[in-house]
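Down below is the structure, laid out as structure tokens.
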Amino acid sequence: MTKPSVCSSFRSPGIGIASAIIHRRNFSPPPAVGGYGALTIRVRLPISTLVSFPIRSPRDPVGGIFVFGRILDKIRLHAQGKLPSGYNVGIIAGKRTFDDRVCKLLGVEFDALAARVLRGGTDEEILEWCFENGRKPDAEHIEFFNGFMFKRGWRDAATPGLIQQRADAGLAHREDIVTFFDLMDVEEGRLP
């Protein structure tokens, strides 16, 4: 019989803080090990499962694509009137939002994507709809896209915007927040 006896935390790069449950088991170890021991099980959880913020991390991929699941969350919350204040959903004229960039990657219009999300279905079904009605990027294109999005704000044209948003959030002193993904995860409580 397995009984959790200790809970500890560990940090995993790109995952955030996750929990590790240490199970104590009574078992006969191989003779070379000797005695009874503890078995440590580390569980890699998506960063958004660790907190209760209603919008998942941009780092949580759907079909291998960063940010897509976050957009779906925002569309659903907006339709329910539960999108947190200050959050944008969709395209902002004259700006390249993350929502806009994902729609461009998939070759779909945001309004069409929003209408599809509101008809229901799993994240994967909605992504498949995007592939059928827009385009399906190959693995290399997704890798480039994810790399670009993951680093957005770090030593690029968006750096001044990141610095301004960091200051607006009262985090100007946090020079460890170097990308928009970092900023979102800190503001939303997934990272310290």
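Read the figures in this text as sums done on the coordinates, not as results from a lab. All values reported here derive from a predicted model rather than from experimental measurement. Positions of Cβ are backbone-derived with ideal geometry, glycine not excepted, and every protein chain shown enters the neighbour counts.
Taking 7 Å steps out from each Cα toward its Cβ at LYS136 and LEU77 produces label points 3.1 nm apart.
Of all lysines in the structure, those lying under 21 Å Cα to Cα from LYS74, and not within fewer than 8 positions of it along the same chain, are LYS82, LYS95, LYS104. For the peptides 75-86, 156-167, the ranking by packing is 156-167, 75-86, with the highest mean count of neighbouring Cβ atoms within 10 Å listed first. Taken along its principal axes, the alpha carbon cloud of segment 105-164 reaches lengths of 38, 27, 18 Å, longest axis first.
Among the GluC sites (Glu not before Pro) found in segment 140-182, those both in a DSSP coil and sparsely packed, with 13 or fewer other Cβ atoms within 10 Å of their Cβ, are GLU175. With R₀ set to 22 Å, the beta-carbon distance separating LEU171 from LYS151 gives a calculated FRET efficiency near 0.75. Remark: PHE68, PHE150 ranked as PHE150, PHE68, counting other beta-carbon atoms within 10 Å and listing the fewest first.
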